[in-house]
Every structure is written in C-alpha cells, then in structure tokens.
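Here the structure is laid out as structure tokens; the discussion comes afterwards.
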Amino acid sequence: QKEVEQDPGPLSVPEGAIVSLNCTYSNSAFQYFMWYRQYSRKGPELLMYTYSSGNKEDGRFTAQVDKSSKYISLFIRDSQPSDSATYLCAMSEGYGNNRLAFGKGNQVVVIP
Amino acid sequence: DVKVTQSSRYLVKRTGEKVFLECVQDMDHENMFWYRQDPGLGLRLIYFSYDVKMKEKGDIPEGYSVSREKKERFSLILESASTNQTSMYLCASTASGRASYGYTFGSGTRLTVV
C-alpha cells in the first residue's frame, strides 16, 4: 500500500460547480497536511496548509482533515476556468522530519 | 518574494551526454530536493541535501548524482543521459525543521533525451 493515495482523475466540471478532491493515507504519524496547485508546465505552489484534524477555509477553498479516517479533502467552491490545474496533496510527520509524502496529483478541468 | 530558480525551462540532450541541472534558492534554506515528475507516477524523490556538501539518496537515485558546494545551489547530474530520463525535473527547498509548512518549488526543467 502506498503511503498516500490520490485518484489521478482527470476531473471535468462546469464553471461554477463545486470541486471535491481527496487523499487517503496510511501513516498515522502524519500531522501536517498540504494541498499544492500545479499549472501546466509550472512547478507546484502551496495552496492550503492545515495541522491535525479540522477544517480550514481560504476564500473559495476549504481543506478538511479527518485523522481518524486518514482522509483529507479539498473543496473548491464556485469553480473558475483559472482553477484548471493539477492538485497534489502532501503530508508530513513534523518533528524535524524534512520529507513530505505526496499524492500523485489530480487533474482538474473547469469548463466555461 | 522568495524564489527557487531552475536554470533551464527546456533542455534537449543526446543519449550518453552528461547533463547538469542547476537550482538556486534565495531563502537561506538548509534543505534542498530534486524530484522527477512523470504522468501517472507523480513526484519521485531523486536526492536531497540537508546541508552544504551533504546528500542523501531518495527513492530513485540510480543514474543520477548531486552536488551541493554552496548553501544556495543544488545541482543534479545525469552522468550518461538515457531516454528513460526524459522527464520534468523539479527542485524544491525548505528551512530546517520547516518541512511541515511545505516546500517551495522551482518552475521545473523539462528534459528530453533523444
């Protein structure tokens, strides 16, 4: 079993729809959870960061972490064509461990 | 604005050539990483470095080496390029103990080996 599982998609949605992305993981020591957005032919950029379980909202983006189920989600409300990108989840144990575990990424296409 | 800069966006090299990919960060980060990214395989860690002249193998180090002579610069070397090394290469950095807050990535180098 891979440490982080993420359905690669692609996921196509009409403009204005809610986009729902998720990752599951097997390492119960993970405490820090991130979502990266990667536009075509660019490097990933950090989109959202959360610690432990709970929700975090930033504009149209909401990140959720359920540590009991080892499951994290990213929701994009009122999706726009500019949200078309690949979204990668990443997670870390913390405590000085400098390696992140990444999901494979999920390609999202928002159709105008 | 903090930056990780990769020297080339696109490279085309011939099989057997020695290839150097350069990465420079201006954030005084201790940790630097080299990944390759391929469709369906995601990001795979090649090598990382947590200090000057220090290096650690990642998950797929075969066919690659690295050099870190200065804190801000981390080079990836393909000793004898092969077609299966055609890929997107991404450099990343983070401060020591700060990986939990994420990495900063460069824009990537798309390498084609012919």
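In this structure, is B:Ile46 outside any strand (DSSP E or B) and either surrounded by 19 or more Cβ atoms within 10 Å (Cβ to Cβ) or among the hydrophobic types (A, V, I, L, M, F, W, C) (or both)? First the steps, then the outcome.
Numbers: outside any strand (DSSP E or B): no; either surrounded by 19 or more Cβ atoms within 10 Å (Cβ to Cβ) or among the hydrophobic types (A, V, I, L, M, F, W, C) (or both): yes.
Against the criterion (outside any strand (DSSP E or B) and either surrounded by 19 or more Cβ atoms within 10 Å (Cβ to Cβ) or among the hydrophobic types (A, V, I, L, M, F, W, C) (or both)), B:Ile46 does not qualify.
In region A:96-105, which residues are in a loop (DSSP other than H, G, I, E, B) and over 21 Å from A:Arg41 (Cα atoms)?
Quick first cut of region A:96-105, residues in a loop (DSSP other than H, G, I, E, B) only: A:96-100, A:103-105.
Once the filter is applied, which keeps residues that are in a loop (DSSP other than H, G, I, E, B) and over 21 Å from A:Arg41 (Cα atoms), region A:96-105 yields A:Gly96, A:Asn97, A:Asn98, A:Arg99, A:Leu100.
Can A:Ala17 be described as aliphatic (A, V, I, L, M), closer than 26 Å to B:Arg9 by Cα and either surrounded by fewer than 17 Cβ atoms within 10 Å (Cβ to Cβ) or within 14 Å of chain B (Cβ to nearest Cβ) (or both)?
Working: aliphatic (A, V, I, L, M): yes; closer than 26 Å to B:Arg9 by Cα: no; either surrounded by fewer than 17 Cβ atoms within 10 Å (Cβ to Cβ) or within 14 Å of chain B (Cβ to nearest Cβ) (or both): yes.
The answer is no for A:Ala17.
Name the residues in region B:49-73 that are in contact (Cβ under 8 Å) with a residue 24 or more places away in the chain and more than 14 Å from every other protein chain (Cβ to nearest Cβ), would you? Don't jump to the end; show me each part of the working.
First, the residues of region B:49-73 that are in contact (Cβ under 8 Å) with a residue 24 or more places away in the chain: B:49-50, B:58, B:60, B:64, B:66, B:68, B:71-73.
Residues satisfying the conditions are B:Tyr64, B:Val66, B:Arg68, B:Lys71, B:Glu72, B:Arg73.
Looking only at region B:49-65, count every residue that is in a strand (DSSP E or B) and within 11 Å of B:Leu76 (Cβ to Cβ) and tell me the total.
Residues of region B:49-65 in a strand (DSSP E or B): B:49, B:56-57, B:64-65.
With within 11 Å of B:Leu76 (Cβ to Cβ) added as a condition, the list becomes B:49, B:64-65.
Of the residues in that region, 3 qualify.
Residue check: is B:Ala99 within 12 Å of chain A (Cβ to nearest Cβ), at negative phi and hydrophobic (A, V, I, L, M, F, W, C)? I'd like the intermediate steps shown before the answer.
Working: within 12 Å of chain A (Cβ to nearest Cβ): yes; at negative phi: yes; hydrophobic (A, V, I, L, M, F, W, C): yes.
So B:Ala99 fits the description; yes.
What are the residues in region A:26-75 that are assigned to a loop (DSSP other than H, G, I, E, B), without any contact (Cβ under 8 Å) to a residue 24 or more places away in the chain and within 30 Å of B:Ser8 (Cβ to Cβ), if any?
Those that are assigned to a loop (DSSP other than H, G, I, E, B), without any contact (Cβ under 8 Å) to a residue 24 or more places away in the chain and within 30 Å of B:Ser8 (Cβ to Cβ): A:Arg41, A:Lys42, A:Gly43.
Kindly check whether there is at least one residue in region B:16-24 that is more than 12 Å from chain A (Cβ to nearest Cβ) and closer than 11 Å to B:Ala92 by Cα. I'd like the intermediate steps shown before the answer.
First, pick out the residues of region B:16-24 that are more than 12 Å from chain A (Cβ to nearest Cβ): B:16-22, B:24.
Retained after the next criterion (residues that are closer than 11 Å to B:Ala92 by Cα): B:24.
Checked against the condition, which is being more than 12 Å from chain A (Cβ to nearest Cβ) and closer than 11 Å to B:Ala92 by Cα, region B:16-24 yields at least one hit.
In region A:1-25, how many are of a type outside the set (A, V, I, L, M), assigned to a loop (DSSP other than H, G, I, E, B) and either under 15 Å from the mean Cα position of the chain (by Cα) or modelled with pLDDT under 95 (or both)? Walk me through how you get there before you give the answer.
Kept after step one, since they are of a type outside the set (A, V, I, L, M), are these residues of region A:1-25: A:1-3, A:5-10, A:12, A:14-16, A:20, A:22-25.
Remaining after also requiring assigned to a loop (DSSP other than H, G, I, E, B): A:1-3, A:7-10, A:15-16.
Cutting the leftovers down to either under 15 Å from the mean Cα position of the chain (by Cα) or modelled with pLDDT under 95 (or both) gives us A:1-3, A:7-10.
Residues flagged as of a type outside the set (A, V, I, L, M), assigned to a loop (DSSP other than H, G, I, E, B) and either under 15 Å from the mean Cα position of the chain (by Cα) or modelled with pLDDT under 95 (or both) within region A:1-25 amount to 7.
What number of residues within region A:76-95 are surrounded by fewer than 18 Cβ atoms within 10 Å (Cβ to Cβ), modelled with pLDDT of 95 or more and assigned to a loop (DSSP other than H, G, I, E, B)?
Residues flagged as surrounded by fewer than 18 Cβ atoms within 10 Å (Cβ to Cβ), modelled with pLDDT of 95 or more and assigned to a loop (DSSP other than H, G, I, E, B) within region A:76-95 amount to 3.
I'd like to know if region B:84-96 contains one or more residues that are closer than 28 Å to A:Met91 by Cβ, within 14 Å of chain A (Cβ to nearest Cβ), in a loop (DSSP other than H, G, I, E, B) and not basic (Lys, Arg).
Yes; the residues of region B:84-96 include at least one that is closer than 28 Å to A:Met91 by Cβ, within 14 Å of chain A (Cβ to nearest Cβ), in a loop (DSSP other than H, G, I, E, B) and not basic (Lys, Arg).
Just one of the numbered conditions (1) out of contact with any Pro (no Cβ under 7 Å at 6 or more places or on another chain); (2) of a type in the set (A, V, I, L, M, F, W, C); (3) under 23 Å from A:Ser92 (Cα atoms) is not true of B:Val66; which one?
The one condition B:Val66 does not meet is (3).
The values are calculated or read from the model by the stated rules, or taken from the named source; none is laboratory data. Keep in mind it's a predicted model, so treat the numbers as computed, not measured. Cβ coordinates were reconstructed from backbone atoms using ideal geometry, including for glycine residues, and neighbour counts include every protein chain displayed.
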